[in-house]
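First the structure, in the form of C-alpha cells, and then the observations on it.
The values are calculated or read from the model by the stated rules, or taken from the named source; none is laboratory data. The structure presented is a predicted model; accordingly, all values stated were derived computationally and were not measured. Neighbour counts run over all protein chains shown; Cβ positions are idealised from the backbone, glycine included.
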Amino acid sequence: MTIYDYPKYYDVAFSFRDYEQEAKFLDFCNQNLSSAKTNKILEIGCGHAPHAGELSKLGYKYFGLDINQKILNFARNQWNQIIAPNHFFQKDMISFEFEDTFDFIYIMLGSLCTNNDAQMKSHFDSISKCLNSGGLYFMDYCIQFEDPLKYQNENEYIIEKDDIKIRSRFNIRSLQGTENLFEEAWNIDVIDKGITHSFEMLEKSKAIYPDDFLEFINKRKDFEIIGWFSEWNLEKPIHKESEIIRPIVILKKL
C-alpha cells in the first residue's frame, strides 16, 4: 500500500498549496500565451485533482489522467457535482491515447517520471497527439535547473489539517552506473486519531537538464519553448545566475 491508496492523507500532505492562485495562473498563461482559445484542459498525473474545482469555476472543462485507480475514485467523488466521472482516466503517462484532444495540458510538482530517452519520447509523442496546435504544455518542476542532490538533506516538513498531522521527509540519491538516473525516497508519517501510519515511496526517474531538454525539443519539430520561469512568475525568466524557486517550463504545440 502507498499513500496514493489513502487519498485523504495525500490531500493533507500537499494542502500548503494555494490551488485557487495556481488555477488563476494557469488561466493567465492560457489566455496570454496560447493560440488555442477553447476550454478543454488535461492534467497529467492528476492525483486527487486539486485544481479541478477552481478551473471549472474559470470556465474550463477539466480532465485528469492518473495511473492509480483509488486516487482517481477519490477525485471522482470529490468533484462529482461539477465534473463528469468519465473525465478521469486511468492511464500511464509514458504512453497514452485519447479519442478527444485538448487545448491546454499541465503536469505538477515534478510528476514527470521517465527512466530513459525512449520513455521521454513516448511521453511527448502522446502529448503531441492529444494537444491541439497552438495549445500549451505547462510543466511544473520537471526540468532540473540545479543539481538534484543540492537539497537532499533539507527536504522535510510537517503539516496539519482536519486533525491529521503529516511529517514528510524527502531524500534523493544518484543511482551508480546510470546516466542521470536518480531515486527519490519519500517517507511519510501520518498521525490520525492518535494512530500512526507510515509509508515509504520510492520513485526512479531520469533527471532532465535544460540543455538536454532544449536539444530534445528542437529535434522534435512539433513544440516550441515559450520560456522557463522561476516562482510561477512570467516576469522572472530563468538565467544561469538566477535563484531557482519552483521552476516552470511552458511549451506550445506547433
From the residues in the range 128-175 that are in contact (Cβ under 8 Å) with a residue 40 or more places away in the chain and among the β-branched types (Val, Ile, Thr), which one is farthest from ASP212 (Cα to Cα)? ILE164
Need pairs with beta-carbon distance below 6 Å; first residue assigned by TED's automatic domain parsing to the domain that holds GLN21 and within the range 220-236, second of a type in the set (S, T, N, Q); sequence gap 6+ or separate chains. ASP222/SER128; SER230/SER242; LYS236/SER230
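Take the residues in the range 131-144 that are out of contact with any strand residue (DSSP E or B) (no Cβ under 6 Å at 6 or more places or on another chain) and outside any strand (DSSP E or B); name whichever of them is surrounded by the fewest Cβ atoms within 10 Å (Cβ to Cβ). Even if it seems obvious, please write down each step before you answer.
Start the filter on the range 131-144 by keeping residues that are out of contact with any strand residue (DSSP E or B) (no Cβ under 6 Å at 6 or more places or on another chain), which leaves 134, 141-142, 144.
Retained after the next criterion (residues that are outside any strand (DSSP E or B)): 141-142, 144.
Values: TYR141: 17, CYS142: 21, GLN144: 20.
Applying the filter and picking the extreme gives TYR141.
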Could you grab me the full set of residues in the range 145-186 that are part of a strand (DSSP E or B) and among the hydroxyl-bearing types (Ser, Thr, Tyr)? TYR157, SER168, SER174
Grab the helices (runs of 4 or more DSSP H) fully contained in the range 1-72, keeping just those with 3 or more residues being farther than 27 Å from ASN155 by Cα. 19-33, 52-57
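Between LYS204, LYS221, LYS252, LYS236, which is loosely packed, with under 15 Cβ neighbours inside 10 Å, at negative phi and of a type outside the set (S, T, N, Q)? Let's see the steps before the verdict.
On the way: LYS221 fails: at negative phi; LYS252 fails: loosely packed, with under 15 Cβ neighbours inside 10 Å; LYS236 fails: loosely packed, with under 15 Cβ neighbours inside 10 Å.
Answer to the check: LYS204.
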